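Structure first, then comments.
What follows is calculated from the coordinates using simple rules that are stated; it is not laboratory data. It should be emphasised that the depicted structure is a prediction, and the values quoted were computed from it without experimental measurement. Virtual Cβ from ideal backbone geometry, glycine too; neighbours counted across all protein chains shown.
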Amino acid sequence: MKTLDDVLADAAMPVRTPSRFDVGAALRKLAADAGRDKAKSTLDTRRAAQAGQRLTVIARWMLNAPHAAHHVDRLAQGEPDVPVEEDNLDVEGAAVFASLLHLTGQHPESAQFWWQLAAGAGHRASAYCLHLHHTSLGEQREAAHWLHQVLYDLGDRLDDGFFDTVEAIARYVYPRPDSAAPLTGGLEMEVDRLADDGAPCMIVPRPDRRLAQALREHTRG
């Protein structure tokens with residue numbers, strides 16, 4: 001008959017001698033993981049920079065389009081105190097105004113707001129600008145959402161030449177965005193005036209006829 005000591009001995013967990021820790025293998029794994037993280041970070045940084053550069057190129061193209069000032073003028077004709085909605089929105093004007101706000105470098109939230117209004121009304125180039133805008137900020141989820149809008153959700157069939165056109169603009173119209181004509185001081189002053197008039201609201205309000213005229217002079221000049 002087994003004693004209590006025998007029962008406890010039989011129930012005891014076997015003790016295993018731990019295998020020798022391979023320091024070299026652990027260090028190699030840490031180095032490999034760090035290398036992958038660094039490569040991913042470098043790729044993300046490069047992708048963000050390229051998106052920001054491409055967004056500036058497209059914004060300049062939209063601002064210098066032949067009828068840009070005309071559309072901003074139409075956008076300005078709305079009542080200042082009436083909320084901007086799709087049924088009282090000049091869509092092209094909203095896209096151009098967003099591009100102008102982006103190019104000042106001072107009003108990214110306002111540029112995003114006006115691009116979103118235009119994209120919500122079906123303006124595909126504005127949705128693509130939003131994709132680039134969020135990519136440049138490293139906001140991958142938002143960037144993916146707007147790319148999905150460009151590809152599938154704007155209600156009409158995507159023109160197969162859309163991205164070809166965008167690529168052509170980005171690569172050939174302004175090969176180096178910093179070499180394009182900068183905004184005039186007068187045009188930036190008009191944007192600042194609107195921003196001041198709209199304070200304390202964080203979003204630059206609807207443009208007015210003065211800004212439209214300043215843009216017309218800029219595109220002529």
Residue exposure sequence - Leu187, Leu132 - by fewest surrounding Cβ within 10 Å:
Leu187, Leu132
Output the peptides 135-145, 206-216 sorted from most to least packed, where packing is the average of other Cβ atoms within 10 Å over each peptide's residues.
206-216, 135-145
Calculate, in nm to one decimal, what Val23 and Glu217 gain on full extension: separation in residues at 0.36 nm each, minus their alpha carbon distance.
62.9 nm
Order the peptides 51-62, 104-115 from the highest to the lowest mean number of other Cβ atoms within 10 Å of their residues.
51-62, 104-115
What list do you get for Ser126, Ser99 if you sort them by fewest beta carbons within 10 Å?
Ser99, Ser126
Per residue of the stretch 67-73, in order, report the coupling 6.51 cos²θ - 1.76 cosθ + 1.60 (Karplus, θ = phi - 60°) as ³J(HN,Hα) in whole Hz, putting x for Gly and Pro.
10, 4, 5, 4, 5, 5, 4
Stretchable slack from Glu142 to Arg209, in nm (0.36 nm times residue separation minus alpha-carbon distance)
20.8 nm
